[in-house]
Structures are given as C-alpha cells and as structure tokens.
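The values are calculated or read from the model by the stated rules, or taken from the named source; none is laboratory data. Everything quoted here is computed from the prediction, not taken from an experiment. Cβ sites come from the backbone with ideal geometry, for glycine too, and all protein chains shown count toward neighbours. Surface areas here come from the heavy atoms of the whole protein model, side chains and all, with no ligands, DNA or RNA. Shrake-Rupley method; radii C 1.70, N 1.55, O 1.52, S 1.80 Å.
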Amino acid sequence: MLAGARARLERAARPGLRRVLNGTGVVLHTNLGRAPLGPDALERIRATGGGYVNLEYRLDAGTRGDRHDHCRDLLRSLTGSEDALVVNNTAAAVALTVAALAPGREVVVARGELVEIGGSFRLPEIVAAAGGTLREVGTTNRTRIADYRAATGPRTGLYLKVHPSNFRIEGFTQDASLVDLVALGRETGVLVAHDLGSGLLLPAAGGETADAPSPASSRAAGADLTMWSGDKLLGGPQAGILHGSAAAVTRLRAHPLLRALRVGRLTLAALEATLQLYLDPRRARARIPALAALEESVESVRERAEALRRALPEDVRRRAAVADLAALPGAGSLPGREIPSAGLRISGPATRLEAACRAATPPLIGRIRDGAFCVDARTLRGEDAALAAEVLARALRAVPAEGPERRGDA
C-alpha cells in the first residue's frame, strides 16, 4: 500500500513534458518535438529567459520597439526578401496570409496541393477559418496554368501554391510552375503566396532538389509572400516564417490577427541564434543538430552503433546486433526519402522490449521492424547514445530473450 502511494506521488511530481531518447531514426519526429535545438540556440534562450530583454524596446532611441524586427534583417539577408515576419507556426502563417490578403474572397489552389499534415492542418479548413473561400482548380494529378486563368474573376483574392512536402504524386502528372503563376498574377493583379512547408536554406547533400525548394528560390521566382516552418529543415524552434515583398508583409503587419499569432521572446531568441549560423554554412552544418543528423555519413552512424553495442554489459550484449537500417527526415519533409543508417537490432520479444524502453527514465523510443525491436543510431548523438546504452541494458535484463510475446507484438 505504501509502495503504491509512493509510486503515485512520484508520477504526480514527474513533469508532463520530459526528455526522451530518439532511437527511431526519424530525424524531425513531430511526436518527439521535431528539431532539437543546438547549443547556440539553447545558450541564447538561457541568456534571455532569466531576466528582462529588449523585446519591444529600442535601445538606440529609448522608445517602444517591435518584436518582429529581431529576426527581420537576418531573414531578409538569407532569402533576398524585402520584409519578413515570424508567427507561431506555418498554419498560423497561412491563416494570417488569407485573412490579410483575401478576406471574403477566393483563394485559388490546385487540387493536388490540398494538403493535410498530421490530422490537425487541413488546408481547406485553414482557408475557411481565415475568412477565405477555397477555389479548387485542375485535377488531383494534373493542373495547368490555364486552370488558374479560367478560375480568375472579380472575387479572386489570392493564388496559393502549396508544396506537397509530406507526399508525392507520381506518374501522369503536371503542375503549373511558380514562375508561370507569378506571371499570371502580374497580369491579373492577383497576389501569389507560396507555402513551402519545410524550407531549406542550405542545399541538401548532393544539391537542392525539387523535393525541398529553398525560400530564396521562391522569392527569386517572384512570389509576393513565402512561408515555411522554423522547426523542420531549418533546425530551429517551432515558428512560421513569412517573407516577401514589402507591400504584402506590410498588410500582414497591420492585421489585428497578428497579435494573436505572434511568438514570445524565447522563440525569437532561439530562431535568431539559429538563423545567424546560416550566415556561415559550415558552422550551420556543424552546430545545428538536425542538419548534422540528416547529412552524417552512414559509415559514421555505423561506428556509433558499434560503440553503442560495445557499451552494453557482456551479459546482454549478445542479444544486440549491429544492423543496416533506413532513417527518415520526418515532419512532412522530403517525402519518400530514406537515409541509409545503422543501429541495433535486439533479439527477444519486440513489443515487451519496446514497452520497457519506453517506460524507462529517460524513455528510449525505438521502432519495431520486421518483428524485431530496433534502435537507430542516427538520432542518438552525444550524451543520448550513452544514456540509450544504459536504458537498453536495463530493458534487456528485465525482458528475457525467450518467452511468449504479448498480444500485439509485431
């Protein structure tokens, strides 16, 4: 009875939001917080979170300032845009764009770009909630610039092009390019907004691909407004980043909804520190954990997997084998892209091992593949790898190698 009471008190005192060890191989795991922040961002949060800051105060003039100015110049420099804003996520960015640029008017979107992300972001619902009327054009697999032209009329308020960052349509396909859509917008007087989803400031390994168009390329193509996420391929905190022409951003700045969607000082501090690293691409790749994990060679990951196995005590080490695995970018970015990886494949009842690791302190989250519990070393870096070895050792001792699987084991 006393033991049960003690356990309940310990559970009540435990924070709801806790550190976990990501052994899934999904680098930007939405359920696990997406991009882990790097040391520069964490230090900036520490420096600005414990006292007062000049969030909305101009030190040069001694007058009230604007929180949206803190990342503005960096975003302008990195994207080639005239102005920029930061809100709390990409859904907020879309909602603000529609509310400010097309209230009560039609937002023209290709049918093949009506995305849903994670069940909580459905583009048609966001457009409707923001006061726009969705106008679908084309078909699921083929949309031409002529479809946009035919849909344009007195009620057209915005052309919205959405990068399908979490799925692919292959085969008999066609879509209108951003360049062509911008040309039509100039002809008809309709603004063009481009939702990139992830946003990739640096070329991916092997060069930029159509799977991840860059914010700078969107602006170079002439989009009036471009929006993307801060905690995906950028590797920063959760944020919705908006940039484009001064005229378009000014309309967003003036809209009352912006106050409801603005971010706080800790987000701005982490985002500014992350963006500053991109001024030197080598530093960005070395000091932003998400970038480092995405671009690390499979040979290096395999060495860490072998070290992880060696760190296990001898009595349980034989149950762990280094195996080739496939990691994923995650968070709806780079759809269909697998990253060669390596980790440990553990023998024994997979579901029971997974549950034991998940119940540990700190929890270790792995994946069950082909009936075996696997821990991917690509997403276990630094101190996390050593902690993962400790959690695995306890789980292996608690769960015998042989024995009946519980119902639901894969």
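Helix 383-398: angle to the longest alpha-carbon principal axis of the chain, degrees 0 to 90, nearest 10?
50 degrees
Need one number: nm distance between label points at Leu42 and Arg144, each 7 Å from Cα along Cα→Cβ, rounded to one decimal.
5.5 nm
Calculate, in nm to one decimal, what Arg259 and Glu402 gain on full extension: separation in residues at 0.36 nm each, minus their alpha carbon distance.
Difference between extended and current length: 45.7 nm.
Using 0.36 nm times the number of residues separating Ala13 and Thr250, minus their current alpha carbon distance, what extension gain do you get?
Fully extending the segment from Ala13 to Thr250 adds 80.7 nm.
Where in the chain is the longest stretch that carries no GluC sites (Glu not before Pro) classed as loop by DSSP and with at most 14 other Cβ atoms within 10 Å?
Free of exposed loop sites, the longest segment is 209-337.
How big is the dipole moment of the chain about its Cα centre under a simple scheme where the beta carbon of each Lys and Arg is +1, that of each Asp and Glu is -1, and everything else is neutral? Debye, nearest 20, please.
Roughly 1140 debye for the chain.
What would the Debye equation give as log₁₀ I(q)/I(0) for the chain at q = 0.08, 0.13 Å⁻¹, counting only Cα atoms as equal point scatterers?
Normalising to I(0) and taking log10 leaves -0.51, -1.11.
Can you pull the percent of region 266-393's accessible area that's carbon plus sulfur, 1.4 Å probe, other chains left in place?
Looking at region 266-393 in its full context, I get 48 percent from C and S.
Return one whole number: the accessible area per residue of the chain in Å², for a 1.4 Å probe. Can you show the working numbers first?
Values: 19110 Å² over 410 residues.
Heavy-atom accessible area per residue stands at 47 Å².
What is the percent carbon and sulfur in the accessible area of region 1-111, measuring with a 1.4 Å probe over the protein chains and ignoring ligands?
After summing per-atom areas, the C and S share lands at 53 percent.
For a Förster distance of 30 Å, can you work out the FRET efficiency between the beta-carbons of Arg155 and Thr30, rounded to the nearest 0.05?
Efficiency computed from Cβ-Cβ geometry: 0.25.
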